[in-house]
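The values are calculated or read from the model by the stated rules, or taken from the named source; none is laboratory data. These numbers were taken from a predicted model, which means no experiment stands behind them. Heads up, the Cβs are rebuilt from the backbone with ideal geometry, glycines too, and the neighbour counts pull from every protein chain shown. Areas reflect the complete protein model, heavy atoms only, side chains present, ligands, DNA and RNA absent. Shrake-Rupley method; radii C 1.70, N 1.55, O 1.52, S 1.80 Å.
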Amino acid sequence: MAKKVLVIGAGMAGTLVSILLAREGCKVTLFERNKKIGKKILVTGNGRCNISNIKVRPDRYHSMTDNFTKRGLDYFGLEETKDLLFELGIDTVEGEDGKLYPRSLQASSVVQSLLMELEHKNIQIIYEDRVQEIEYTNKYKISHDGKNYYGDYLVLATGGKSYADSGSSGDGYYLSKNFGHHVTEVYPSIVQLRTDSPFSKMLKGLKVMVKARLLDDKFEAIRLDEGEVLFTDYGLSGPTILQLSTMVEPSLSMGKSYWISLDFMKDFTEEELDAYLIDRFRRFPSRTLSEILNGVINSRLIPAILKASDVSLTKKSCNITKEERSNLLNSLKDFRQGVTGTYIWNQAQVTKGGVSCKEINGDTLESTLQKGLYFVGEVMDIDGDCGGYNLQWAISSAALCAKAISES
């Protein structure tokens, strides 16, 4: 007799675990609270669906349980993922920074391919059902519109709390608690940062390429990244900031301090930049400092840089002191602002924290507290770096879970 499996959540993890289980002869019922599957997939990679990364490895993931992702990634890594996507009709191409995308560069094509396979495998999908109660005796039971659905196994693929508009509202947490599981504190991650900069409103909307460092309370760099930064009225955004944000919570909530340091002249060492400035001062002695910086950095940055350096915009370069030159150099190479928090949940790409992995078997993803209960994807206390790592974990965990159930 076919094994019956109930899967809650039709994101990447939920749809793939359903497909893989159906391939093994299981009878799967998939519950989705939205009218369609894959709503969150559609917004990943700015609509292009950054599906994985060629640099995927366990140290790209964060959890209160060390090295928990290793088993899943070893079993189903990048090459296995590419092969599976190919089988589903999703050809892939490599983009910037090792990011893997569908060749179409359309997240909608990924969702459509998943839906076609779900239909091909005759997987029953119950739409617009926000599962809030699960009964268990010797089987799992979910009721919907007066009908009962039974399963020998239950897979929670509900996601976390990020992008709440997609349906991720933390339902998996209280469902897990009903089976005795503990949920760690959850925080928004891969998200914009709030800062205490007095220049935020002045620079709002400006995009610049920088080398950025996240500094701890001893002003030591704990993470570096290079790329685009966007200034906002509340702080900082852009791919580089999203990457650094993965290291901020929960330490910030525990009273630790962080700073963001921006290097606007990343192609110069301090010595090279000092020599470069001295040369410009000598060549254009009658120009103001504002005029000297014209053509060197974005014009919108100039007033903020000079104000941070405590130097007048109208001061002639021939009159600049050594101390002022040093201040200017420091502002260009280490434009610093304190981090006061992360931005709102609905802008976060992923959730930091979740169902404790200490209560989940890393070899199978089955609960150690409740027989037949499995977890896949973001509902667990696992969050990856920005760049396709979280979708890769959704895929890897789905494959590991499907293997475990089919072999049980």
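Structural remarks
- Listed residues TYR258, TYR136, TYR163, most fluctuating in the chain (Gaussian network, C-alpha, under 10 Å): TYR136
- Distance cut-off 22 Å, percentage of C-alpha pairs in segment 252-408 lying past it: 61 percent
- Note on LYS70 and ASP310: with the Förster distance fixed at 35 Å, the Cβ-Cβ geometry gives a FRET efficiency of about 0.10.
- Cα shape, segment 84-132, gyration tensor, a/c 1.5 rule: prolate
- Whichever lysines have a C-alpha closer than 22 Å to that of LYS161, once near sequence neighbours (fewer than 8 apart) are set aside: LYS35, LYS36, LYS39, LYS40, LYS177, LYS352, LYS358
- The angle between the Cα long axis of helix 270-283 and the main principal axis of the chain comes to about 40°, on a 0 to 90 degree scale.
- Rounded to the nearest 10 degrees, the angle from helix 107-120 to the longest Cα principal axis of the chain is 10 degrees.
- Net length available on complete extension from ASN298 to ILE344 is 13.7 nm, with 0.36 nm assigned per residue and the Cα-Cα distance removed.
- Whole-percent carbon and sulfur share, accessible surface of segment 109-228, 1.4 Å: 44 percent
- Label-point separation in nm, ASN122 to ASP233, each point 7 Å along Cα→Cβ: 5.7 nm
- Backbone N under 15 Å from the THR321 label point (7 Å along Cα→Cβ), restricted to segment 262-279: none
- Gyration tensor (alpha-carbon) shape descriptor, segment 1-97, a/c threshold 1.5: prolate
- Relative contact order (percent, whole number), segment 351-408, Cα cutoff 8 Å, 6+ residue spacing: 36 percent
- Most fluctuating residue given options GLU249, GLU366, GLU119, as computed from a GNM of the chain linking Cα atoms under 10 Å: GLU119
- Heavy-atom accessible surface of the chain, averaged per residue, reaches 44 Å², computed with a 1.4 Å probe.
- Here ASP274 and SER251 are evaluated by their C-beta separation; at R0 = 41 Å the FRET efficiency comes out at 0.75.
- Gain upon complete extension [VAL43, ASP196; 0.36 nm per residue less C-alpha separation]: 52.2 nm
- Three-way shape label, segment 213-304, alpha-carbon gyration tensor, a/c 1.5: prolate
- Distance between the C-alpha centres of segment 342-396 and segment 142-169: 15 Å, rounded to the whole angstrom.
- The separation of segment 1-39 from segment 184-249, counted between C-alpha centres, amounts to 37 Å.
- Cα-derived Rg to Rh of the chain, Kirkwood definition: 1.09
- Helix 322-333 vs. the chain, principal-axis angle (Cα, 0 to 90°, nearest 10): 20 degrees
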